[in-house]
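The structure appears below as structure tokens.
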Amino acid sequence: MRFAWLLLLPLAACGHGPGDPPAAAAAERALTPAQLSFLRFAPVAEVAATDVADVAGTIEFDEEHTARLNAPLAGRVAELLVRVGDHVDADAPLIAIESPEVKTAEADYVKADADARLAQKTAQRADRLRDARAIAEKDWQQAHEDDRKASAELDRARAALDRLHVAPGERGSRYVLRAPFAGTVVERRAAVGMETGGESADPLVVVSDLSHVRVTLRLPERQLALVQPGQPVAVRVDAYADEFPGTVSTIGDVIDDATRTVPVRCAVANPDRRLKPAMFARVTLKAPPGRRLLVVPATALLSDGQGFRVLVREADGRLTRRPVEVGPEVSGHVVVLRGLREGEEVVGEGALFAERQLASTD
């Protein structure tokens with residue numbers, strides 16, 4: 001696991017050994033000099049961090065740039081116009097579907113257009129008769145009402161053709177499913193002869209703009225305080241040596257009961273399409289500017305499987321057990337979220353040995 005930290009304090013240089021002054025040895029009066037020789041002490045240090053966590057993730061399609069397309073009408077697949085892996089432009093044809101609904105929509109438009117023309121002429125004739133005082137007022141009003149209804153029906157019929165991407169006046173029964181934006185055909189389930197319908201759950205074809213991908217990771221709940229929307233991240237995959245910058249886009253609201261983790265999604269630019277969906281990735285959460293954290297050596301932690309604790313050297317020299325809440329491990333040090341203060345000293349090496357000796361004197 002790789003991490004990059006800027007440590008302000010050289011923790012390893014702060015230990016105490018068997019050559020410490022007599023006053024220090026006297027302070028650990030609960031342990032014998034021979035026992036003390038196994039211990040090294042380290043301060044609880046505040047550090048400025050460039051990174052705050054390093055978590056495994058998976059490259060996925062960015063759903064905001066992915067279209068799962070189905071046919072909006074009943075019919076039968078007549079022709080496949082693309083293959084998986086093809087790069088397509090916006091509005092490019094993908095699948096041709098024979099559908100009686102197309103013929104019905106064309107017929108409705110022809111009828112609505114004819115009715116609208118007739119209603120308009122009737123309304124114009126009613127205007128002339130009204131000027132000549134040769135038409136009843138109610139007949140004039142009815143002519144204009146029929147004209148408005150016919151015009152509205154024509155608009156409805158034209159909208160139906162627009163939905164099917166059919167130009168007014170075309171003849172045929174073919175509907176062409178088109179790409180809503182430029183991207184790559186990443187899946188095609190359609191087959192020639194397959195029946196289609198607007199209520200089908202499975203998409204006929206999936207188009208994704210792979211210049212945008214996302215990374216989903218599972219963050220342990222104890223590390224939630226280290227992440228926020230908009231936070232920069234660095235993504236690495238085994239295939240390449242360089243890093244891909246991104247940002248945290250969403251943080252889940254529900255903790256998984258089994259894993260005690262929460263999903264975090266990061267948006268990553270992928271202009272060269274080198275990142276492929278389903279790739280495994282390592283995601284480094286970058287620290288906000290000026291972020292400082294408390295750390296102790298990872299070897300200072302003791303655990304019973306339920307939580308963590310450390311051995312703290314009190315002001316009078318006694319060693320006491322202290323429960324702590326910890327974050328990620330970074331370059332041999334662990335972030336301390338709760339339980340310790342800067343400047344306190346903990347047993348950095350030999351903590352398990354020291355706790356056993358304390359237990360024997362309890």
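What follows draws every value from the coordinates through simple rules; no lab data is involved. On a predicted model such as this, the values are computed, not experimentally measured, just so you know. Please note: Cβ atoms are built from the backbone with ideal geometry, for glycine as well, and neighbour counts cover all protein chains shown.
A few notes on this one:
- Semi-axis lengths, largest first, of the ellipsoid equivalent to the range 67-196 are 45, 13, 10 Å, with √(5λ) applied to each eigenvalue of the Cα gyration tensor.
- 3J(HN,Hα) along the range 144-155: 6, 5, 5, 5, 5, 5, 5, 5, 5, 5, 5, 4 Hz, from the Karplus curve 6.51 cos²θ - 1.76 cosθ + 1.60 with θ = phi - 60°, whole Hz, x for Gly and Pro.
- Less than 5 angstrom separates the built amide H of L219 from those of V262, V264, all sequence-distant by 5 or more or on a different chain.
- Normalised contact order of the chain, rounded percent, pairs of Cα under 8 Å and 6 or more residues apart: 26 percent
- The lysine pair tally for the chain, using Cα distances under 30 Å and a gap of 8 or more places or different chains, is 10.
- Using alpha carbons only, the radius of gyration of the chain set against its Kirkwood radius gives Rg/Rh = 1.33.
- Per-residue [θ]222 nm for the chain (sum of -39500 (n - 2.57) over DSSP H runs n ≥ 4, rounded to 500): -7500 deg cm²/dmol
- Amide H partners (placed H, <5 Å) of A182, local residues excluded: A90
- What the phi angles of the range 272-286 give under the Karplus curve with 6.51, -1.76 and 1.60, with θ = phi - 60°, is a coupling list of 8, 6, 7, 7, 10, x, 5, 5, 7, 9, 10, 10, 9, 7, 7 Hz, glycine and proline written as x.
- Candidates S303, A281, N270 compared by Cα position along the dipole of the range 268-310: farthest toward the positive end lies N270, with charges placed on Cβ.
- Remark: the range 67-196 carries a charge dipole of roughly 80 debye about the Cα centre, counting +1 on each Lys and Arg Cβ and -1 on each Asp and Glu Cβ.
- The residues neighbouring A132, those whose beta-carbon lies less than 14 Å from its own, together hold a net charge of 0 under the Lys/Arg +1, Asp/Glu -1 convention.
- Relative contact order of the range 67-196: 48 percent, from C-alpha pairs under 8 Å at least 6 residues apart in sequence.
- Relative to its Kirkwood radius, the Cα radius of gyration of the range 217-362 gives an Rg/Rh of 1.07.
- Charge sum, other residues only, whose C-beta stays under 13 Å from G169's C-beta, Lys/Arg counted +1 and Asp/Glu -1: -1
- The phi torsions of the range 212-221, fed into the Karplus equation with coefficients 6.51, -1.76 and 1.60 and a -60° offset, translate into couplings of 10, 10, 10, 10, 9, 10, 10, 9, x, 4 Hz, rounded to whole numbers, with Gly and Pro shown as x.
- Close amide H contacts of T196 (hydrogens built in the peptide plane, cut-off under 5 Å, sequence separation of 5 or more or a different chain): G75, R76, V77.
- Kirkwood-type hydrodynamic radius, the range 168-231: 16.5 Å, calculated from all non-identical alpha-carbon pairs.
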